[in-house]
Amino acid sequence: MTNAFDSDTLAFYQGNAADYAAWSKHRHVRLNQFLERLPPGGSILELGCGAGADSAHMIAQGFAVRPTDGSPQMAAQAAQRLGRDVETLLFHQLDDVGLYDGVWANACLLHVPRDELGGVLARIWRALKPGGLFYASYKSGEGEGRDKLARYYNYPSEVWLRERYRDAGAWASLAIEANQDIGYDNQPTEILHVTAQRVA
Ligand code: SAM
């Protein structure tokens, strides 16, 4: 596959890592619902971890977390917060097979170019253990575009997302919930929260 990233979007995070870290507020309710479905102390890969707040919460709950981000500057912010190394990993570089009880990807796969998302989802499916759980969130819409901060978004509809997941691997369940939120760009937006469980 080709590189599943947008260079202007990564440049935004590289130039705004400290501001984004300060802005990040975290929705532990949804994260806790995810963690409750994992074995205690289970292995979790976090993709696009940003400033590391979600990884910090998961580590504090006793999980074996691998925090990663595609931007070296964001990874450095997270490393500072977590007091440990954080790998720079672009989504399309994920090569693990059957390693994780959970993959947590909050508000980051929404930056994957539309024609690359299926390939990234297939990599995540492959990285999960049988029965493993995968969460990701997206800004909903009907086609790709950029926000006023020049960040690329794939803006999926629920129907389009279900097709991408279905083609990426076999899931025992695939649940999508929608809610309204305000983004870092201060714009109201509908978020699609997708939780998928790999077949056992
Ligand atoms: N998950 C964090 C949170 O909830 O605060 C950060 C979300 S932030 C909106 C998106 C993150 O995805 C940024 O930290 C950015 O560096 C990362 N990112 C964007 N494209 C990426 C890619 N292709 N591979 C890995 N990380 C990427």
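The values are calculated or read from the model by the stated rules, or taken from the named source; none is laboratory data. Since the model is a prediction, treat every value here as computed from it, not as a measurement. Virtual Cβ from ideal backbone geometry, glycine too; neighbours counted across all protein chains shown. Side chains included, ligands, DNA and RNA excluded: accessible areas come from the protein's heavy atoms. Shrake-Rupley method; radii C 1.70, N 1.55, O 1.52, S 1.80 Å.
When you check Leu161 against the structure, is it without any contact (Cβ under 8 Å) to a residue 40 or more places away in the chain and out of contact with any Ser or Thr (no Cβ under 7 Å at 6 or more places or on another chain), yes or no? Criteria met by Leu161. Given the criteria at pLDDT below 95 and either within 11 Å of the ligand (Cβ to nearest atom) or not in a loop (DSSP other than H, G, I, E, B) (or both), does Phe12 qualify? For Phe12, the condition - at pLDDT below 95 and either within 11 Å of the ligand (Cβ to nearest atom) or not in a loop (DSSP other than H, G, I, E, B) (or both) - is met.
In a residue-by-residue description of region 188-195, the property of being more than 16 Å from the ligand (Cβ to nearest atom), acidic (Asp, Glu) and open to solvent by 50 Å² or more (accessible area, probe 1.4 Å) applies to no position. Scanning region 31-49 for residues that are closer than 17 Å to Leu94 by Cβ and of a type outside the set (Ser, Thr, Tyr) yields Ile44, Leu45, Glu46, Leu47, Gly48, Cys49.
Reported count of residues in region 151-182, each being touching a helix residue (DSSP H, G or I) at 6+ places or on another chain (Cβ under 7 Å) and in a loop (DSSP other than H, G, I, E, B), is 3. Of the strands (runs of 3 or more DSSP E) lying entirely inside region 45-150, those carrying at least 1 residues that are open to solvent by less than 10 Å² (accessible area, probe 1.4 Å) and touching a residue at least 60 places away in the same chain (Cβ under 8 Å) are 100-105, 128-139. Leu35 fulfils the conditions (1) among the hydrophobic types (A, V, I, L, M, F, W, C); (2) away from the ligand (no atom under 14 Å from the Cβ); (3) open to solvent by less than 30 Å² (accessible area, probe 1.4 Å); (4) over 17 Å from the mean Cα position of the chain (by Cα) except for a single criterion, (4).
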